[in-house]
Amino acid sequence: MDSPSGEPHMLNIVIDGHAIQVQPGTTIMEAARAIRIEIPHLCYHPELSISGGCRLCVVEIEGRADPVPSCGQACQEGMVIRTQSEQLTELRREIVDLLMADHPLDCVICEKAGKCQLQKYAYEYGLAKTSHKAHVSRTLYQDDNPFFIRDHKYCILCSRCVRACWEIVGANAIEIFGRGFTSHVATPFDGPMIDSTCVFCGSCVQVCPTAALMPVSRAGKGREWEMQRVETICGYCGVGCKIEYALKDGAITYAQGAREESVNGDFLCTKGRYGWDFATSPDRLTRPMIRRDVAYALGLTDEPWQLPETSPLEVRKPKISDSFIETDWDTALNLVADKLADIVQSHGHDAVMGLASARCTNEENYLFQKFMRVGVGTNNVDHCARL
C-alpha cells in the first residue's frame, strides 16, 4: 500500500537492536546487509535467485518458535530479529561441521585458502576437523578446457554456479544431477565443457564460494593473501565493466568482476575475464613509434632510411624496430598535431577522417568525435562497431 504522498509504505523492523525502515518485499538478509550486519551464508548471492539450501543464514524472529532462513524471509511490519544467539551459533556450527564431513581439509595447499567461505566459517566456529565420519563423496576432477578447472571434491552443492549460468548468462550449460551423495554439478551426460552450451564467461567461477571452480591461470601462482589487487575498467568495449586483477610479482594471475560501484557486479564476458594476456605479451607496444624516415627528417636519428617497396604494414609479423624507432609521448603528439594542421591548411578540413574504436570507453569515443567535429572541423567520423 502506498502512503498519501504516493511513496511506498515503509515497514518498521528491528534487527539486533537497530530500528530501521525497509521497502515491502525486502528480505531479512537484504535488510541486514543494508546496515552492514553480516549474516553467515554460503548459497546466498545478492545477484542470484534465492536457494535457501545451506540454511546457514537462519535467524530468530520474536514470536516464532523456530529459526528461519533470512535469505528467503520477507520483512513484515514490527518484526524483531536476532541474527546472533547461542542457539543460532550451535545450528550454524553443526551445518559447517556436516559440510566439512564431505569436504577435503587440505587448506594448507588449497588454492582458495584465504578466500574460501567454508574455511572462513570453520575458523569462526572453531572447527579444525569434523566431528562426523569423514567421507568425500564427489571425486570427479575435470580439466577439460583452457579457462577453469572443475574439482568436485570441493563442491558443497550451493548451486550458485548453476543459478549464475541460468539466470545471468542464460547458457544453461550445467545443472545439479543425481540425489544424495551422488549429487554433483554436471554438464549433459557429464561430457566435456566444450561440448555443452557453455560460453566460458567464468561467471560460475566468480560466484563459487570454495575451490570447486578455479581459473587455470591461477594454479600454482601463490596464496590469495600474496596477491596484489588492482581495479580498472575493461578496455574491450564501451560498457565500462569494472575489473579487479590479481597480480603476483607484477604479473596478472586472474581477473574477476568488481561488485562495488560497478555496472557489471560480479560478472564479466569471456574477453573481460580471460582476455588479458596481451598485457604481458612481448609484442606489445609500450611507447609511441615513429617511422624511421620521418624520425630522420626530424633529427631523431642519424641513420637515413627509405620506405621499402613492400610496406611494413603488409608484412606478416614484421620486426617493428626495422621500420620504426621509439620516442616519447610529447614528440609523438606534437608530430601528429603538426601533420594534421598541415593537411587541413593544404587540403581543407574534409581531407581528414577519424576512425574510433569499440575498445575505448564511451567517454573516450565522445571526446574523439568532439575533437574531430570541433577541433579538426569535419564530420568524417566512423566507428569500427557502428553496425
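Evaluate 2.2 N^0.38 Å with N set to the residue count of the chain, then give the Cα radius of gyration divided by it.
On the way: Rg = 28.2 Å, N = 387, 2.2 N^0.38 = 21.2 Å.
Rounded to two decimals, the normalised Rg is 1.33.
Tell me, His184, His18 in order of fewest to most beta-carbon neighbours within 10 Å? Intermediate results must be reported in sequence, preceding the final value.
Numbers: His184 18, His18 13.
Ranked by crowding around the Cβ, least crowded first: His18, His184.
Quick one: of Lys339/Lys370; Lys153/Lys221; Lys153/Lys271; Lys221/Lys242; Lys120/Lys153, which pairs are farther than 25 Å apart, Cα to Cα?
From the list (Lys339/Lys370; Lys153/Lys221; Lys153/Lys271; Lys221/Lys242; Lys120/Lys153), the Cα-Cα distance tops 25 Å for Lys153/Lys271.
With N set to the residue count of segment 11-84, report its C-alpha Rg divided by 2.2 N^0.38 Å to two decimal places.
0.99
If you put +1 on each Lys and Arg Cβ and -1 on each Asp and Glu Cβ, how big is the dipole of the chain around its Cα centre, in Debye rounded to 20?
Taking the Cα centre of the chain as origin, the dipole is about 760 debye.
With θ set to phi - 60°, apply the Karplus curve 6.51 cos²θ - 1.76 cosθ + 1.60 along segment 310-317 and write out the HN-Hα couplings as whole Hz, x wherever there is a Gly or Pro.
8, 4, x, 6, 9, 8, 6, 6
Can you compute the charge dipole magnitude of segment 348-387 about its Cα centre, using +1 on each Lys and Arg Cβ and -1 on each Asp and Glu Cβ, nothing else charged? Give it in debye, rounded to the nearest 20. Don't skip to the answer; put the middle values down first.
On the way: 4 positive and 4 negative charges, 9 e Å.
The calculation lands at about 40 debye.
Could you list Asp249, Asp144, Asp151 so that the one with the fewest beta carbons within 10 Å of its beta carbon is first and the one with the most is last?
Asp249, Asp144, Asp151
Which order do the peptides 116-127, 324-335 take when ranked by the mean count of other beta-carbon atoms within 10 Å per residue, highest first?
Details: 116-127: 17.6, 324-335: 14.0.
Order by mean packing, descending: 116-127, 324-335.
Can you bin every Cα-Cα distance in segment 348-387 into 5 Å intervals starting at zero and give me the percent of pairs per bin, rounded to whole numbers?
6, 27, 32, 20, 11, 3
Eigenvalues of the Cα gyration tensor times 5, then square-rooted: what semi-axes does that give for segment 227-284, in whole angstrom, largest first?
They are 19, 14, 8 Å, listed largest first.
Using only the Cα atoms of segment 262-373, build the gyration tensor, take square roots of its eigenvalues as a ≥ b ≥ c, and label the shape rounded, prolate or oblate: rounded if a/c is under 1.5, else prolate if a/b is larger than b/c, else oblate.
Oblate, because a/c is 1.5 or more while a/b does not exceed b/c.
Using the number of other C-beta atoms within 10 angstrom as an exposure proxy, rank Arg229, Arg82, Arg160 with the fewest first.
The order, fewest Cβ neighbours first, is Arg229, Arg82, Arg160.
Bin width 5 Å, alpha-carbon pairs only: give the P(r) of segment 36-170 as whole percents, running from 0 to the bin holding the largest distance.
Using 5 Å bins, I get a P(r) of 2, 9, 16, 20, 20, 15, 10, 5, 3, 1, 0 for segment 36-170.
Work out the charge dipole of segment 233-387 with +1 on the Cβ of Lys and Arg and -1 on the Cβ of Asp and Glu about the Cα centre, then indicate which of Ser262, Pro282, Asn334 is farthest towards its positive end.
Going by the Cα projections, it comes out as Ser262.
Under 1.5 on a/c is rounded, so check that first for segment 288-334, then, if it is not, pick prolate when a/b is larger than b/c and oblate when it is not; a ≥ b ≥ c are the square roots of the alpha carbon gyration tensor eigenvalues.
Oblate, since a/c reaches 1.5 and b/c is not below a/b.
Using a ≥ b ≥ c from the Cα gyration tensor of segment 149-242 (square roots of the eigenvalues), is it rounded, prolate or oblate, where a/c under 1.5 gives rounded and otherwise the larger of a/b and b/c decides, a/b for prolate? Don't skip to the answer; put the middle values down first.
Values: a/c = 2.18, a/b = 1.38, b/c = 1.58.
Since a/c reaches 1.5 but b/c is at least a/b, the shape of segment 149-242 is classed as oblate.
Name the residue from Gln228, Ala164, Cys208 whose Cα lies farthest towards the positive end of the charge dipole of segment 162-248, charges +1 on Cβ of Lys and Arg and -1 on Cβ of Asp and Glu.
With unit charges placed on the Cβ atoms, the residue in question is Gln228.
Could you work out the helix-only [θ] at 222 nm for the chain, with each DSSP H run of four or more residues adding -39,500 (n - 2.57) and the total divided by the number of residues, to the nearest 500 deg cm²/dmol?
Result for the chain, helices only: -6000 deg cm²/dmol.
In whole Å, how far is the Cα centre of segment 190-261 from that of segment 336-387?
So the two Cα centres are separated by 35 Å.
Read-outs: derived from the displayed coordinates by stated rules, not from any lab. What you see is a predicted model, and the numbers here were worked out from it, not measured in a lab. Because the Cβ atoms are built from the backbone with ideal geometry, glycine has one as well, and the counts that use them run over all protein chains shown.
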